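Some notes on the structure that comes next.
The values are calculated or read from the model by the stated rules, or taken from the named source; none is laboratory data. Not measured: the values here are computed from a predicted model. Here the Cβ positions follow ideal geometry from the backbone for every residue, glycine too, while neighbour counts run over all protein chains shown.
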Amino acid sequence: MIASIITLTLLAPARTQNVIFLFTDGLRWQEVFSGADVHLNAHDKTYWRETPGARRAALMPFTWSVIAKQGQIYGNRWKGSKCRVLNPTRISYASYGETMQGYFDPAAKSNEPAPNPNKTVFEWLAEKPTFKRKVAGFASWNLASAVFNKKRCGFYTQCGAESVRFSDLSAARLYNRVIKEANMRFDPNPDDAFTHAASVLYLRLRTPRVMAVMHLETDSWAHLGHYAKYLSAAHRFDSWLKEYWETLQSMPEYRGKTSIIISTDHGRGVGRDWHTHGPKVAKSEETWIMTLGPDVAALGEMKDVPEVANGQVATTIAAWLGEDYRAAQPKRRQRSWRCWRNRGVSLGVFLEWCYQRAKQRDLIRRVHPRQGLGSTARPEPRWR
């Protein structure tokens, strides 16, 4: 029996030359795979349909009409596909870091805006001559600038309500005026529409080879307990996925040679805890990942496959571009608890980190160093 589709053998040169990472904060896998929850959506029938398949198609039409047919979608636990973050905090700073670094830092225990001491895969790529001035990061959450480590990272970032700094065109000037005058519903963070508009403008004007675009409203509306607006934010995110994909296919710089990877930073609780997440909220570590592009096999919704983790996003981004980020991941110098204790880490958290780090390494070993999740290459057979 074939053990994994993630252990791969390189059969042909990769066609991916550019990668776009698209992300929405705190969108549960339950809505992605079954649409609106009848127990949480008693009054608003906008996205209600009789069956889970119809509900999810109504909520995220691009996902289920295009990605599910041409790409891959991981995370439907009802069908034997598990995806998760490994950090025990299950909060955004640690989970943004885990997703973009390939591992989590046990010292990241809160959402305090401390500059990230670890390099993300985007910073690692930006240091290479091939990708110099060809990497960019956008985020609605203002604290994402700390995760990118804006002062050190060496690539263009625009987080929260920051002004456009990459263009002086009339569109950019209008953006800067509107974002200064806008009434921020999630102050100090703007609506996702601002982040989307700025990132699309950057894509068209600067044609980056690697770009991260991170949205926030799914998490913001969930924390406010507004399920109907949470669903609307998920629907808008899906419409923006469609716009990104169609924009990429309309530009010769990207057409046929760009892959996208899509995910979230954490899950949420269930039932009365649907609106929150954290170390004490069951199931808030559960996430999902989607892939689409010229090197992604059209396997659709994954079923009965080995567990994947958010840390594989970073490895996959690099692998699609022919870079071995797995080998470049730093060997942790501070291995003893005594060293971590000086950073305020308890023994329990340190032991959990050791266990989860070993599990992360095991998961990442399943990704071929020159490929990633969802390759068109056939899986390497392993007989048990």
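Couple of notes before you dig in:
- Among the candidates A58, A94, A42, the residue that is at pLDDT 95 or above, more than 26 Å from P294 (Cα to Cα) and surrounded by fewer than 18 Cβ atoms within 10 Å (Cβ to Cβ) is uniquely A58.
- Applying a threshold of 9 Å to beta carbon distances and a minimum spacing of six or more residues, or different chains, the list of pairs starting in the stretch 263-274 at a residue that is at positive phi and surrounded by fewer than 24 Cβ atoms within 10 Å (Cβ to Cβ) and ending at one that is polar (S, T, N, Q) and in a helix (DSSP H, G or I) is empty.
- Any hit, the stretch 228-247, residues being out of contact with any Lys or Arg (no Cβ under 6 Å at 6 or more places or on another chain), assigned to a loop (DSSP other than H, G, I, E, B) and surrounded by fewer than 17 Cβ atoms within 10 Å (Cβ to Cβ): no
- Subset of the stretch 186-227 that is more than 21 Å from the chain's Cα centre (by Cα) and without any contact (Cβ under 8 Å) to a residue 24 or more places away in the chain - its residue that is farthest from L27 (Cα to Cα): D187
Yes/no per residue for (1) farther than 21 Å from Q72 by Cα; (2) modelled with pLDDT of 95 or more; (3) of a type in the set (D, E, K, R):
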position: M214; (1), (2), (3): no, yes, no
position: D219; (1), (2), (3): yes, yes, yes
position: H223; (1), (2), (3): yes, yes, no
position: S232; (1), (2), (3): yes, yes, no
position: Q249; (1), (2), (3): no, yes, no
position: H266; (1), (2), (3): no, yes, no
position: A282; (1), (2), (3): yes, yes, no
position: T315; (1), (2), (3): no, no, no
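Table: residues versus (1) surrounded by fewer than 15 Cβ atoms within 10 Å (Cβ to Cβ); (2) of a type in the set (D, E, K, R); (3) over 26 Å from P88 (Cα atoms); (4) in contact with a Ser or Thr (Cβ under 6 Å, 6 or more places away or on another chain).
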site	(1), (2), (3), (4)
A114	yes, no, no, no
F131	no, no, yes, no
G137	no, no, no, yes
L143	no, no, no, no
F148	no, no, no, yes
C159	no, no, no, yes
R173	yes, yes, yes, no
I179	no, no, yes, no
N189	no, no, no, yes
